[in-house]
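Chemist: Got a structure here, written out as structure tokens. Questions coming.
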Amino acid sequence: MNVDQLSEYLKISKSNIYKRTTNGSIPVIKMNKRVIFDREEIDRWMSNGCESYYEIPQLKVA
């Protein structure tokens, strides 16, 4: 999902998502300057009370 889709899915503002992405409190996959969100990881994150206990690997583009 992109930021717009996640904003709609979670019913929170895009600025809130960007803030959480910056401080590392939401599971995110960063690809260069682009951020994407895995729906399963987001659902797991929400079921854990919106706390991240694991690190999401960063994808590197060749």
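Chemist: Only one residue in 8, 41 is part of a helix (DSSP H, G or I) and in contact with a strand residue (DSSP E or B) (Cβ under 9 Å, 6 or more places away or on another chain), so which one is that?
Modeler: 41
Chemist: Let me ask something else about it. Pick out the one residue from 55, 51 that is at pLDDT below 90, exposed (fewer than 11 other Cβ atoms within 10 Å of the Cβ), among the charged types (D, E, K, R) and in contact with a Phe, Trp or Tyr (Cβ under 8 Å, 6 or more places away or on another chain). Explain how you work it out, then say what you get.
Modeler: Details: 55 fails: in contact with a Phe, Trp or Tyr (Cβ under 8 Å, 6 or more places away or on another chain).
Checking each option against the conditions leaves just 51.
The values are calculated or read from the model by the stated rules, or taken from the named source; none is laboratory data. Just so you know, these numbers come straight off a predicted model, no measurement behind them. FYI the Cβ positions are ideal-geometry reconstructions off the backbone, even for glycines, and counts take in every protein chain you see.
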